[in-house]
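The values are calculated or read from the model by the stated rules, or taken from the named source; none is laboratory data. Computed from a predicted model, the values in this text were never measured in an experiment. Every residue, glycine as well, gets a Cβ built from its backbone with ideal geometry; the counts of neighbours run over all protein chains shown.
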Amino acid sequence: MLAQQTWLVTPQSNRIGIRLAGEQSLARAVSGELPSEGTTVGAIQVPPSGQPVLFLADHPLTGGYPVIGAVATYHLDKAGQIPVNARIRFNPLSAFEPVRSATSDETNNR
């Protein structure tokens, strides 16, 4: 569902995270909080509203909502520049694609 719709970057976005709004909220298997666990920049967390948050530079150290994915490290600088009211889409990658893409980007920039 995350990659199947366009998401609007809301005015509640900041250095902590990009708050997204979609036409359809993401369904959660567990409605309450989960045990707290460490978070990382680029993680996509789903709070009870079903509207995801993409964690940025000042993300919290721990979180208690499901993490359904992460943005590839080499795209995080671009993610931090997305303006409010922009519309974005996520493209799923296999576990090995980010490594290949990052390597080819570095090769092309030399």
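Yes or no: Ile68 closer than 21 Å to Pro11 by Cβ and either in a loop (DSSP other than H, G, I, E, B) or in contact (Cβ under 8 Å) with a residue 24 or more places away in the chain (or both)? No; evaluated as a whole, the condition is false for this residue. Taking (1) more than 19 Å from Gln4 (Cα to Cα); (2) among the charged types (D, E, K, R); (3) in a loop (DSSP other than H, G, I, E, B) in turn, Asp77 satisfies each apart from (3).
Scanning segment 48-65 for residues that are within 15 Å of Ala79 (Cα to Cα) and surrounded by 14 or more Cβ atoms within 10 Å (Cβ to Cβ) returns Pro52, Val53, Leu54, Phe55, Leu56, His59. Among the residues making up segment 16-47, those that are at pLDDT 95 or above and exposed (fewer than 11 other Cβ atoms within 10 Å of the Cβ) are Glu23, Gln24.
Conditions (1) among the small types (Gly, Ala, Ser); (2) farther than 24 Å from Arg87 by Cβ, marked per residue:
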| position | (1), (2) |
| --- | --- |
| Leu26 | no, no |
| Ala29 | yes, yes |
| Pro48 | no, no |
| Pro60 | no, yes |
